[in-house]
1. Please arrange 18, 228 by counting, for each residue, the other beta carbons lying within 10 Å of its beta carbon, fewest first.
2. Determine the gain in length on full extension of the stretch residue 64-residue 192; use 0.36 nm per residue of separation and subtract their C-alpha separation, reporting nm with one decimal.
3. Multiply the residue separation of residue 18 and residue 222 by 0.36 nm, subtract the distance between their alpha-carbon atoms, and state the gained length in nm to one decimal.
4. Work out the FRET efficiency for residue 208 and residue 45 from their Cβ-Cβ distance, taking R0 = 30 Å, and round it to the nearest 0.05.
């Protein structure tokens, strides 16, 4: 990760920025200095406490959309790509691929959340070309699919199957759900893979404290492949005193 960061006066000299308290402005600069090379970081609260800023300072930056927050606790500097241009030999892509996949770019280079329907063009990969950087990030692969390449019914089919197995009422139109499904499809997984993951985790988690995690953002997130290939502990084997290894584990693809 590069050690130096830049700031554009278009942002830090704006009335919207200067109208904020000095403590909020200071927190913004510290967050920028510690973000990765795509503007992401996962310890905003730690930095806020470290410099003596308040929770309200962080909340104000989010409310004023100088930073964008994710449910995972990760944040991204909204105007990062207006501030910084990095040389190819100094650039390291972010580790926060799932959050990165939820973003698009405005014409001015600032991040924005993608709308519920997946864009048909590769917004990020084609719009930002800092110092001739060429990356093979996940987003470039995902967006090449395009909304016309994905059967719109696939979201409904997968989510309906999940609801059928869990008795829940998740909506296939939810933005985060569509983003997770789209990301896995872009990696080459199939609709049958999604159903197998649902089968696997239902067999393992239903009736346990983990049952609450039978939800799209957990099942279809970054651990999808491990869930797909997992062998699940047979809860019934222990109850019946079975000691044979073949009865202790089973491939849950045939459980449900």
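We did not get these values from a lab; they are worked out from the coordinates using the rules stated. The structure presented is a predicted model; accordingly, all values stated were derived computationally and were not measured. Here the Cβ is made from the backbone with ideal geometry for all residues, glycine too, and neighbour counts use every protein chain on show.
1. Going from least to most buried by this count: 18, 228.
2. Here the answer is 41.9 nm.
3. On the way: separation 204, 0.36 × 204 = 73.44 nm, distance 3.86 nm.
Length gained, residue 18 through residue 222: 69.6 nm.
4. 0.45
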